[in-house]
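*Asks:* Structure below; questions to follow.
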Amino acid sequence: MTTDIRETRRPPVPVAYKRRMRLADTLQVICVTSVALVNAIFLADGGAAHFGTLADALTSAGILAGLVGTDLLLLMLVLAARLPPIDRAFGHDRAMAVHQQLGKPALYLLLGHAVLLIAGYAAAENVNVFAEMWGMLTTLPDMPLAFVGLGLLILVVVTSLVVVRRRFRYEAWHAVHLLAYLAVLVAIPHQLSVGNLLSEGTIARYYWLALYVGVAGSIVLFRFVLPVVRSVRHGLVVEDVQRVAPGVASIRLSGRHLQELKATSGQFFVWRFWSRGVWWQSHPFSLSAAPTETTLRITVRALGDASSALTTLKRGTRVSFEGPYGIFTDRARTAPGIVLIAAGIGVAPIRSLLETAQFSPGQATVILRSHTVGDSYLAEEVTQLCRERGADLRIIAGTRPPGVDSWLPADAYRAGITIRTIVPWVRAADVYVCGPRPWTDAVVRDARAAGLPARQIHYERFDW
């Protein structure tokens with residue numbers, strides 16, 4: 001007996017979604033408030049009175065730019081720290097998107113901080129800016145460290161640009177990106193030793209120290225302490241490695257008390273496999289099967305030396321991890337139907353979602369996208385699950401049209417096929433998409449064009 005969901009009216013907003021949005025709104029208010037507090041403390045310290053001359057105006061503007069820029073930089077670090085409330089409210093993809101968007105404004109403000117202060121001090125002392133900069137470096141305490149921090153931040157932001165990032169291997173890019181922590185660390189001393197704004201006993205000093213301690217504590221706790229504690233407690237090891245296709249393998253991991261992780265289908269972990277040649281690298285991979293009390297499974301594709309080595313891991317290899325992360329789960333559902341769309345190795349979380357998602361027969365469609373039918377990884381497992389659960393399966397093969405933002409093959413694009421053509425009742429469903437960034441973005445645009453609101457579209461992009 002199948003359930004007819006051809007009615008395509010937009011479903012009502014569920015209570016769980018409203019609760020998540022309230023959390024998201026609260027976090028956004030906290031972020032905006034932090035920037036407002038920076039400005040308020042500056043003004044309370046008499047900052048508004050220091051714009052009477054050109055030199056004072058340049059210096060005050062430079063101080064304010066530095067304060068706001070530093071606040072944005074700390075927000076970036078918090079967004080990348082994978083704090084549970086942020087993960088529950090936004091998910092990893094959206095949190096990192098905001099993290100990337102803040103990079104340029106933070107850098108521009110901190111560059112403005114340096115330029116405006118140098119110009120302001122030079123105007124006040126009636127010297128040229130180069131002489132003033134040299135004087136700051138040689139006479140002011142901790143100033144050389146501040147310039148080192150600014151240089152490190154420039155390096156981090158430049159290597160984060162897509163056109164530059166593509167020239168790096170992930171491991172090299174990630175190592176450079178970690179310099180952001182060092183950039184913040186070496187900049188702290190000059191904030192405390194230079195100028196009067198953060199002088200001993202001021203509200204500003206205590207506020208910024210509390211901010212630094214809070215951010216550092218969050219990073220240490222959630223990126224280092226908890227992963228180590230959980231890895232030791234649950235004792236994950238490689239139990240089995242099964243070849244799925246050339247260069248693709250499913251890795252089954254076994255451990256203790258895994259139900260305590262509260263992991264669910266669709267989520268991902270950041271894994272570290274303690275084997276020669278790969279122990280120093282961490283890899284984000286989604287679960288490709290529903291987790292159990294004793295096992296987890298991921299499916300990986302060999303895209304480089306490191307991931308190639310993972311397909312030949314030995315039984316018993318110890319594994320440490322961070323996670324679980326992400327809201328690419330059935331808990332994010334807002335509609336009765338579900339449409340699962342994957343390209344390439346993006347099938348991993350889609351396959352695990354198909355195993356556990358709540359739907360009646362006839363309420364689900366799975367779309368696997370590939371260059372050829374043979375490139376549809378885990379297709380046999382997905383086919384079997386669709387048969388058992390009453391889901392419709394579409395395997396769509398073919399190359400995309402050149403120069404066109406389409407997620408479908410060239411012939412389908414020319415025929416005017418869209419997601420609504422393939423799934424007429426899509427407006428009564430949540431759409432889950434996982435694949436490469438450009439392809440995923442094309443699917444999301446098609447879903448929005450079909451009339452789906454943002455709350456019914458969920459995506460994970462295996463890109464960095």
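*Asks:* About its Cα centre, what dipole magnitude does segment 330-461 give when the only charges are +1 on Lys and Arg Cβ and -1 on Asp and Glu Cβ, stated in debye to the nearest 20? Before the final figure, lay out each step's value.
*Replies:* On the way: 16 positive and 13 negative charges, 82 e Å.
Once rounded to the nearest 20, the dipole reads 400 debye.
*Asks:* How big is D for the chain, in µm² s⁻¹ as a whole number, if Stokes-Einstein is applied with the Kirkwood radius of its Cα pairs at 4 °C and 1.567 mPa s?
*Replies:* Translational diffusion coefficient: 52 µm²/s.
*Asks:* Heavy atoms only, probe 1.4 Å: what % of the accessible area of the chain goes to carbon and sulfur, would you let me know?
*Replies:* Roughly 61 percent, rounded to a whole number.
*Asks:* What accessible area per residue comes out for the chain, rounded to a whole number of Å², with a 1.4 Å probe?
*Replies:* The answer is 48 Å² per residue.
*Asks:* For residue 410 and residue 228 in one chain, what is 0.36 nm times their gap in residues minus the Cα-Cα distance, to one decimal in nm? Could you put the intermediate results ahead of the total?
*Replies:* Values: separation 182, 0.36 × 182 = 65.52 nm, distance 4.79 nm.
The span from residue 410 to residue 228 would gain 60.7 nm if fully extended.
*Asks:* Can you give the extra length, in nm with one decimal, that the chain gains between residue 51 and residue 441 once fully stretched, where that is 0.36 nm per residue apart less the Cα-Cα distance?
*Replies:* Contour length minus Cα-Cα distance gives 135.7 nm.
*Asks:* Can I ask one more? What's the longest piece of the chain with no exposed trypsin sites (Lys or Arg not before Pro), counting a site as exposed if DSSP puts it in a loop and it has at most 12 other beta carbons within 10 Å?
*Replies:* The longest such stretch corresponds to 10-165.
*Asks:* For every other residue with a beta carbon closer than 12 angstrom to the beta carbon of residue 32, add +1 if it is Lys or Arg and -1 if Asp or Glu, then tell me the sum.
*Replies:* That sum, taken over residues with Cβ under 12 Å, equals -2.
*Asks:* Between the DSSP loop rule and a limit of at most 11 other Cβ atoms within 10 Å, which GluC sites (Glu not before Pro) in segment 277-379 are left?
*Replies:* 293
*Asks:* Counting Lys and Arg as +1 and Asp and Glu as -1, each charge on the Cβ, what is the dipole of the chain about the Cα centre in debye, to the nearest 20?
*Replies:* That gives the chain a dipole magnitude of about 1460 debye.
*Asks:* What are the equivalent ellipsoid semi-axes of segment 15-230, built from the alpha-carbon gyration tensor (square roots of five times its eigenvalues), in whole angstrom, biggest first? Show your work: numbers first, answer last.
*Replies:* Values: eigenvalues 208, 92, 50 Å².
Result for segment 15-230: semi-axes of 32, 21, 16 Å.
*Asks:* Over all alpha-carbon pairs in segment 330-461, figure out the percentage whose distance exceeds 21 Å. Could you put the intermediate results ahead of the total?
*Replies:* Numbers: 2874 of 8646 pairs.
The calculated P(r) of segment 330-461 puts 33 percent of pairs beyond 21 Å.
*Asks:* As an exercise, use a Förster radius of 22 Å and the Cβ-Cβ distance of residue 36 and residue 98 to find the FRET efficiency, rounded to the nearest 0.05.
*Replies:* 0.80
*Asks:* Leaving out same-chain residues fewer than 8 places away, which aspartates and glutamates sit with a Cα under 15 Å from that of residue 314?
*Replies:* 239, 240
*Asks:* For segment 235-325, treating each Cα as an identical point scatterer without solvent, what Debye log10 I(q)/I(0) comes out at q = 0.12, 0.24, 0.25 1/Å?
*Replies:* Calculated log10 I(q)/I(0) at the listed q: -0.31, -1.34, -1.45.
*Asks:* Now a separate question. For a Förster distance of 35 Å, can you work out the FRET efficiency between the beta-carbons of residue 259 and residue 417, rounded to the nearest 0.05?
*Replies:* Calculated transfer efficiency: 0.25.
*Asks:* Quick check: pseudo-label points 7 Å beyond the Cα along Cα→Cβ at residue 206 and residue 392, how many nm apart are they?
*Replies:* Computed distance between label sites residue 206 and residue 392 equals 6.4 nm.
*Asks:* Heavy atoms only, probe 1.4 angstrom, no DNA, RNA or ligands counted: give me 115, 220, 319 ranked by accessible area, highest first.
*Replies:* Ranked list, largest accessible area first: 115, 220, 319.
*Asks:* Go ahead and run the numbers for FRET between residue 358 and residue 128, Cβ-Cβ distance against an R0 of 56 Å, rounding to 0.05.
*Replies:* Working: r = 70 Å, r/R0 = 1.25.
Calculated value: 0.20.
*Asks:* I've got another one for you. For the chain, what proportion of DSSP beta bridges, expressed in % and rounded to the nearest 5, is antiparallel?
*Replies:* The antiparallel proportion sits near 50 percent.
*Asks:* Once you have the Cα-Cα distance between residue 372 and residue 314, take 0.36 nm times their residue separation minus that, and quote the gain in nm to one decimal.
*Replies:* 17.8 nm
*Asks:* Using a 1.4 Å probe on the protein heavy atoms only, what accessible surface does residue 383 show? Give it in Å² to the nearest 10.
*Replies:* Approximately 50 Å² of residue 383 is accessible to the 1.4 Å probe.
The values are calculated or read from the model by the stated rules, or taken from the named source; none is laboratory data. Keep in mind the model is a prediction, meaning the values are calculated, not measured. Backbone-built Cβ (ideal geometry, glycine too); neighbour counts: all protein chains shown. Protein only, heavy atoms only, side chains kept; ligands, DNA and RNA dropped before computing areas. Shrake-Rupley method; radii C 1.70, N 1.55, O 1.52, S 1.80 Å.
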